[in-house]
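Encoded as structure tokens, the structure appears first; notes follow it.
The values are calculated or read from the model by the stated rules, or taken from the named source; none is laboratory data. Values in this document were obtained by computation on a predicted structure and should not be read as measured data. Here the Cβ positions follow ideal geometry from the backbone for every residue, glycine too, while neighbour counts run over all protein chains shown.
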Amino acid sequence: MKKILKKIIFGTVLLVLQICSAQVSNELMLYRKDFKDISGNNTVSVTSYQKGDAHFVFAGGIGNIDVYSLNKNGELTPISNHELYKGKGPARGMVADSINGNDFLFVANKHGNAIETFKILNNGALERVSLVADTNKTHLGTAITLQVIHMKESSYLFIGGLEETPGLSSFQIHDDGKLTHVQSMEDNEIIHTDGVIGMYTHKINGRTFLYTGGFQDNGVSSFRVYENGTFKNINNISDNTNDRYLTGTYPVTGVTLGNNNYVIVGHRHHKYYKRAGFIKKTDFVYHGDAVSVFKINKKGALIPHFVLKDDETTKLQGQTRIEVVSVANNEAILAVGTRDDASIQLCRLNKEGILSPINYLETGFSIYYGLRSHKIGKENFLIAGSFRFDLKKIVTYKIAPKINREGKVLRHMVNLKYKDGIEESKVNEAVKNFMNLKNEIPEIASIEWGINDSTEGHSKGLTHCFTLTFADEHAREIYLFHKAHLQMVSKISPIIADVLVLDYWTK
């Protein structure tokens, strides 16, 4: 009887643990921790790197790269900014890595038609050590995606381009960061390397495989990479109009769970592009948005496995980046950044290769390749940026268990002090501009304002108080990064002497 009772208790405990384990991933949410200005007009790409005990973030835009330190709370501190070759860019496909003990940042200078290598100094600042310009033998014109592959004796940088000179190239990386051309494969009607915007590497049974997505030719390809940096095509999967969603193949990543190797692929469908003449194959058919999961066989080939379709409960329209947040207990947590839904969707991939949505956060800005996962200790963060020229921000989020906000609303209090000597008419105009946000941003549930009437002497000189109400986190994010809000802040900030912002949740 005691043995039976022990088995029942043990089974109950095991069941509870399994349920709790499932709830940990199913109830994750994103919470914004910080945002900082960038020195350029926009943030196209974001990457990060741990150097010793220090954590650095690199934000690449048109013409330059901004460097920040990142602390354990997800807070950013600006360090430096660096001009790109010819002041061009944007910086795309940035990847930081260590080559025989030397830390480098590799940057695809898209419109500079070059690959730049920067040494990462001890304080995170950058020093250019190499520059490789495009030639008629390489495919670096409109370079857009980079992938470092470490072999036994050497390391290689794989480069994918877009538009004028599509194809895939391999360069050996030397200890000083300089690059030597190994092989280039011109795009053709079979492989998918026309507009390589995503790449990922799997090592299986001692062999190395590279996976690419072709944005313009709508599909994914697999390649075997050899010790000398050369490569050959294995297989190719093209888009169709029923069970594949590869029109405008964009982000590519992967994960190993148990004995299973997966490649996860997203797409920004061609229908979302309005620029005339940009899409080469105009006979595409829109049949929805989805994230595709491919299983990798022992030969490294791609096998269609599972599709997570977008619906009214998910935010998967216009996927531009997929980041692996964490891998534990035979499951992976993924973050999908979207340009058209302007959101970050969290998903769970189990060891059977089934992808399911968890939660999403509407960021308030479109993500255009600028999304990066970074871990400090036990904490998982996401760093995001946007191509929007009016935003000029880089934002951090912490991935944590979801907080129950049911039945609550969010109050956002903005307390202002105007500069001495400012005419009353300008103050009245500033108040009018602030209150007009309700007409510009429907996510604001309500807004009211008033002039301070306290006589206790603890107002710190603040005179005007604005209180906004939001229904949820999404509404606050949309408001914070909305064009109308940013324009209002830019317009009234010259007459503001001080500001205090407080947010709280209430029923």
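Checking residue 411 against (1) crowded, with 17+ Cβ neighbours inside 10 Å; (2) within 23 Å of residue 499 (Cα to Cα), which test does it fail?
Answer for residue 411: the failing condition is (1).
Restricting attention to the range 307-346, report how many residues are within 21 Å of residue 239 (Cβ to Cβ) and hydrophobic (A, V, I, L, M, F, W, C).
Matching residues across the range 307-346 total 5.
Within the range 279-297, how many residues turn out to be in contact (Cβ under 8 Å) with a residue 60 or more places away in the chain and over 22 Å from the mean Cα position of the chain (by Cα)?
5
Kindly indicate which of 290, 332 is among the small types (Gly, Ala, Ser) and closer than 15 Å to residue 244 by Cα.
When all the criteria are applied, what remains is 290.
Identify all residues within the range 450-488 that are over 30 Å from residue 359 (Cα atoms), outside any loop (DSSP other than H, G, I, E, B) and in contact with a strand residue (DSSP E or B) (Cβ under 9 Å, 6 or more places away or on another chain); write none if there are none.
450, 451, 464, 465, 466
Which one of the conditions (1) assigned to a loop (DSSP other than H, G, I, E, B); (2) modelled with pLDDT under 95 does residue 197 fail to meet, given that it meets all the rest?
Here residue 197 clears every test but (1).
Quick one: residue 434 ticks every box in (1) in contact with a Ser or Thr (Cβ under 7 Å, 6 or more places away or on another chain); (2) assigned by TED's automatic domain parsing to the domain that holds residue 493 except a single one, so which number is it?
(1)
Strands (runs of 3 or more DSSP E) wholly in the range 105-186 with at least 1 residues that are under 25 Å from the mean Cα position of the chain (by Cα) - which ones?
Passing ranges, in order: 114-120, 126-133, 143-150, 155-161, 167-173.
Here is a list of conditions, (1) on the phi < 0 side of the Ramachandran plot; (2) in contact with a Ser or Thr (Cβ under 9 Å, 6 or more places away or on another chain), and residue 401 meets all of them except one; can you say which number that is?
(2) is the only condition that residue 401 fails.
What is the residue count in the range 489-507 for residues that are assigned to a strand (DSSP E or B) and among the small types (Gly, Ala, Ser)?
1
For the range 243-269, enumerate the residues that are surrounded by 13 or more Cβ atoms within 10 Å (Cβ to Cβ) and without any contact (Cβ under 8 Å) to a residue 40 or more places away in the chain.
Passing the criteria: 247, 248.
Taking the condition of being within 36 Å of the chain's Cα centre (by Cα) and surrounded by fewer than 16 Cβ atoms within 10 Å (Cβ to Cβ), how many residues in the range 439-450 meet it?
Of the residues in that region, 6 qualify.
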